[in-house]
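A short worksheet on the structure shown next.
The values are calculated or read from the model by the stated rules, or taken from the named source; none is laboratory data. Bear in mind the structure is a predicted one, so any value in this text is a computation, not a measurement. Here the Cβ positions follow ideal geometry from the backbone for every residue, glycine too, while neighbour counts run over all protein chains shown.
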Amino acid sequence: MAWLLVVVAGLLETGFAVCLKLSHGFTRLWPTVAFCAFALGSFGLLTLSLKKLDVGPAYAVWTGIGAAGTAIYGMVFLGDLVSALKIVSISLVITGVIGLQLSGSAH
């Protein structure tokens, strides 16, 4: 259950990062409100998961999902540059997070 919280928190991290861009420096109301909601939810779920999980692997999964998710969202929906190097790099982030989990460093 704790890992499910980390995954959802990572997806919410993607949401708050995207809303941060859409808020245009907190000058647009609804993206700013959404940023606050996503950030609160993300940090809240991560905090709950850390009651049962080691901080290193949980934080790595949370940031990995957030970073990869945000980059993919940006390329698909926001017109961010798509390049082979960017796709390979996102794959390396995901592979690194999976490798950390498989290494036995997590519960």
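If I ask for residues that are aliphatic (A, V, I, L, M) and surrounded by 14 or more Cβ atoms within 10 Å (Cβ to Cβ), which ones from segment 23-36 would you list?
Within segment 23-36, just 34 meets the criteria.
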*Restricting the search to segment 59-94, which residues are in a helix (DSSP H, G or I), farther than 26 Å from residue 48 by Cβ and not hydrophobic (A, V, I, L, M, F, W, C)?*
74, 86, 89, 91
*Which of the residues spanning segment 38-71 are within 15 Å of the chain's Cα centre (by Cα), without any contact (Cβ under 8 Å) to a residue 40 or more places away in the chain and surrounded by fewer than 17 Cβ atoms within 10 Å (Cβ to Cβ)?*
40, 43, 44, 47, 59
*Residue tally, condition within 21 Å of residue 71 (Cβ to Cβ) and part of a helix (DSSP H, G or I), over segment 10-44*: 21
*Lone qualifier among 71, 60 - being touching a helix residue (DSSP H, G or I) at 6+ places or on another chain (Cβ under 9 Å), modelled with pLDDT under 95 and under 29 Å from residue 100 (Cα atoms)*: 60
*Going through segment 78-94 one residue at a time, which ones are exposed (fewer than 12 other Cβ atoms within 10 Å of the Cβ) and either among the polar types (S, T, N, Q) or touching a residue at least 24 places away in the same chain (Cβ under 8 Å) (or both)?*
78, 83, 91
*under 24 Å from residue 1 (Cβ atoms), out of contact with any helix residue (DSSP H, G or I) (no Cβ under 6 Å at 6 or more places or on another chain), in contact (Cβ under 8 Å) with a residue 12 or more places away in the chain and not in a loop (DSSP other than H, G, I, E, B), is that true of residue 99?*
no
*Confirm whether residue 74 is surrounded by 17 or more Cβ atoms within 10 Å (Cβ to Cβ), out of contact with any Gly (no Cβ under 8 Å at 6 or more places or on another chain) and in contact (Cβ under 8 Å) with a residue 40 or more places away in the chain.*
yes
